[in-house]
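Everything on this sheet refers to the single structure shown next.
The values are calculated or read from the model by the stated rules, or taken from the named source; none is laboratory data. Model, not experiment: these values are computed from the prediction. Note that we place each Cβ from the backbone using ideal geometry, even for glycine, and neighbour counts take in every protein chain shown. With ligands, DNA and RNA removed, areas are computed over all heavy atoms of the protein, side chains included. Shrake-Rupley method; radii C 1.70, N 1.55, O 1.52, S 1.80 Å.
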Amino acid sequence: MPLLTIQGLPGPPLEVPPGRTVLAAIHGAGHDWWHACGAKGRCTTCRVRVLAGAECLTPPTESELRYREAGRLRSDERLACQARVESPGVS
Ligand code: FES
């Protein structure tokens, strides 16, 4: 099962079932994380910077692409509520 490490959160890496969003994985492990719009992709409070393993996440959603185009989301950032974990090797 894919492992997710969030810098600054206590505890071991999170085991994330494929298909789960990064935000759901964080919340599922009992951590608090900003999500002002209710995980609808309409804000950027849930953003995370991806330092490694971007290929293990689903491609950016329309929301993320819109924020990137507007200069509000860097190319190495994802919205935790939109990015889903995929199994390694799945494209
Ligand atoms: S919680 Fe608003 S964009 Fe993710």
Seminar exercise, completed: Matching residues in the stretch 15-72 (away from the ligand (no atom under 12 Å from the Cβ), open to solvent by less than 30 Å² (accessible area, probe 1.4 Å) and touching a residue at least 60 places away in the same chain (Cβ under 8 Å)) number 2
Seminar exercise, completed: Of P88, P59, the only residue that is out of contact with any His (no Cβ under 9 Å at 6 or more places or on another chain) and modelled with pLDDT under 95 is P88
